[in-house]
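First up is the structure itself, then whatever we jot down about it.
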Amino acid sequence: MHAEKHLRGLPRGPLYWHIDRFASRPAAEAARERNGTVVEILGQVRLFTIAGKSWQASSGEHVGNVGPLKLPVAKAFMATYMEGNFQPGMQSTVHRHPGTEAWLVLSGAQCLETTHGKQIGRPGAPPVIVPPGEPMLLTGIGKEEGHWLVLILLDASMPRGFPADNWTPKHTCEHAEPSMQSGEPVPRSVSGRE
């Protein structure tokens, strides 16, 4: 799954990624507002919306919020949504984004290493959020395949991501377990049930 949405008229103040589930695509489309995107993922219809913390969909089942999300300095913004699937031990390339990247882990677990340490993502735990420009290495951990929803909230004039050749990770996630606590404070967020 891959979807992109150019965002317009974002509210001032902290922004959140709102995730709602619907019985059908027409029901989700009826509830979609200006900065909302309807996706079909893992056999379910979801509405993803970038809005202030108190925003609520007019219908559907609220799954959770991810945030607050730090916006990059830009004239125009784009939300890119993806589904991630990693086997234990699988790693991303060392990369960065010109915007905030956030994950909501649905099953399995992940470990994200950045210059500030590592964050562990797992169901029911606070979402993992990385600010714009931060180099990162993502690793699937635990014993089962991981599934997660991904948001990259970026400068619409920039490419989605690029290699972070000027940073060498310490590979602190290679022996991480899903039950471990992150080495850094987890960003303040609200996580719902899945």
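Remarks
- Flag for residue 191 being surrounded by 14 or more Cβ atoms within 10 Å (Cβ to Cβ), within 30 Å of residue 61 (Cα to Cα), at pLDDT below 95 and hydroxyl-bearing (Ser, Thr, Tyr): yes
Residue-wise test of (1) modelled with pLDDT under 95; (2) surrounded by 12 or more Cβ atoms within 10 Å (Cβ to Cβ); (3) out of contact with any helix residue (DSSP H, G or I) (no Cβ under 9 Å at 6 or more places or on another chain); (4) aliphatic (A, V, I, L, M).
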site: 142; (1), (2), (3), (4): yes, yes, yes, no
site: 148; (1), (2), (3), (4): yes, yes, yes, no
site: 152; (1), (2), (3), (4): no, yes, yes, yes
site: 161; (1), (2), (3), (4): yes, yes, yes, no
site: 165; (1), (2), (3), (4): yes, no, yes, no
site: 170; (1), (2), (3), (4): yes, no, yes, no
site: 175; (1), (2), (3), (4): yes, no, yes, no
site: 179; (1), (2), (3), (4): yes, no, yes, no
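- Considering residues of the range 39-77 that are over 16 Å from the mean Cα position of the chain (by Cα) and surrounded by 18 or more Cβ atoms within 10 Å (Cβ to Cβ) only, the residue nearest to residue 150 (Cα to Cα): 45
- Looking only at the range 128-140, and only at residues there that are closer than 18 Å to residue 168 by Cα and over 13 Å from the mean Cα position of the chain (by Cα), the one that is surrounded by the fewest Cβ atoms within 10 Å (Cβ to Cβ): 133
- Candidates 45, 39, 63 - the one that is modelled with pLDDT under 95 and part of a strand (DSSP E or B): 63
- Residue list for the range 1-32, restricted to those being among the basic types (Lys, Arg) and either at pLDDT below 95 or more than 13 Å from residue 81 (Cα to Cα) (or both): 8, 12, 21, 25, 32
- The residue that is farthest from the chain's Cα centre (by Cα), counting only those in the range 11-36 that are surrounded by 14 or more Cβ atoms within 10 Å (Cβ to Cβ) and part of a loop (DSSP other than H, G, I, E, B), is 32.
- Flag if residue 72 is touching a residue at least 60 places away in the same chain (Cβ under 8 Å) and in contact with a Gly (Cβ under 6 Å, 6 or more places away or on another chain): yes
The values are calculated or read from the model by the stated rules, or taken from the named source; none is laboratory data. In this text, all values refer to a predicted model and were calculated from it rather than measured experimentally. Neighbour counts are summed over all protein chains in view; Cβ atoms, including those assigned to glycine, are modelled from backbone coordinates with ideal geometry.
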